[in-house]
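Trainee: Dropping the structure in here first, questions after.
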Amino acid sequence: MTNYDALRSCELFLFDMDGTLYLGDDVYDGAIALMNDFPALGKKYIYLTNNSSRAGEDYIARLRRLGFPCERENVFTSGMATGMYLNQNHPGASVYLAGTRAFYRELKSYGVSLVNDELGHTGAAAADVVVQGFDTELVYEKLERA
């Protein structure tokens with residue numbers, strides 16, 4: 001089997017976004033065409049990111065704005081992975097999040113029981129789990145609470 005045969009036999013392709021398909025608002029040559037070719041070839045694809053500062057819906061809007069084909073099932077973020085992990089490994093746990101408002105909304109969409117509001121404010125004396133994400137809205141209070 002050649003390398004091309006192995007590639008042709010793949011059913012699902014995973015792509016990091018920033019720095020792989022685009023950099024900032026500059027799309028790499030051929031990236032959009034590549035993504036448009038997958039459905040015609042009967043292939044599936046998922047855009048991945050380890051940046052928890054934005055929610056999946058934010059990435060869908062960004063990808064579409066840049067010209068990429070994108071539906072909900074094509075995006076998987078670290079925030080989504082965190083929501084799934086918490087539900088599987090700490091069901092019902094009270095969680096303090098030191099992260100962005102978008103990350104907060106992402107975890108809420110997974111039914112995670114957050115003890116703080118979107119800005120990190122809480123009256124809770126304790127939480128079972130603390131989650132720290134890349135936080136472009138970081139303030140000292142979040143660190144103190146965590």
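The values are calculated or read from the model by the stated rules, or taken from the named source; none is laboratory data. It should be emphasised that the depicted structure is a prediction, and the values quoted were computed from it without experimental measurement. Every residue, glycine as well, gets a Cβ built from its backbone with ideal geometry; the counts of neighbours run over all protein chains shown. What goes into the accessible areas is simple: the full protein's heavy atoms, side chains included, and nothing from ligands, DNA or RNA. Shrake-Rupley method; radii C 1.70, N 1.55, O 1.52, S 1.80 Å.
Trainee: Scanning for something surrounded by 14 or more Cβ atoms within 10 Å (Cβ to Cβ), of a type in the set (S, T, N, Q), touching a helix residue (DSSP H, G or I) at 6+ places or on another chain (Cβ under 7 Å) and under 30 Å from Leu114 (Cα atoms), does segment 42-50 turn up at least one residue?
Mentor: Yes, the conditions are met somewhere in segment 42-50.
Trainee: Please go through segment 1-15 and pick out each residue that is open to solvent by 70 Å² or more (accessible area, probe 1.4 Å) and touching a strand residue (DSSP E or B) at 6+ places or on another chain (Cβ under 8 Å).
Mentor: Once the filter is applied, which keeps residues that are open to solvent by 70 Å² or more (accessible area, probe 1.4 Å) and touching a strand residue (DSSP E or B) at 6+ places or on another chain (Cβ under 8 Å), segment 1-15 yields Glu11, Leu12, Leu14.
Trainee: Could I ask something else about it? Of all residues in segment 59-77, which are out of contact with any helix residue (DSSP H, G or I) (no Cβ under 6 Å at 6 or more places or on another chain) and outside any strand (DSSP E or B)?
Mentor: Passing the criteria: Tyr59, Ile60, Ala61, Arg62, Leu63, Arg64, Arg65, Leu66, Glu71, Arg72, Glu73, Asn74.
Trainee: Taking segment 90-146, which residues are more than 17 Å from Gly79 (Cα to Cα), in a helix (DSSP H, G or I), open to solvent by less than 60 Å² (accessible area, probe 1.4 Å) and free of Cβ contacts under 8 Å to residues at least 40 places away in the same chain?
Mentor: Glu141 - this is the single residue of segment 90-146 that is more than 17 Å from Gly79 (Cα to Cα), in a helix (DSSP H, G or I), open to solvent by less than 60 Å² (accessible area, probe 1.4 Å) and free of Cβ contacts under 8 Å to residues at least 40 places away in the same chain.
Trainee: Do the conditions hold for Met80, that is, is it open to solvent by less than 40 Å² (accessible area, probe 1.4 Å) and either part of a helix (DSSP H, G or I) or without any contact (Cβ under 8 Å) to a residue 60 or more places away in the chain (or both)?
Mentor: When the stated conditions are applied, Met80 passes them.
Trainee: Shifting gears a bit: For segment 1-27, which residues satisfy the criterion of being free of Cβ contacts under 8 Å to residues at least 12 places away in the same chain and over 21 Å from the mean Cα position of the chain (by Cα)?
Mentor: Met1, Thr2, Asn3, Tyr4, Asp5, Ala6, Leu7, Arg8, Ser9
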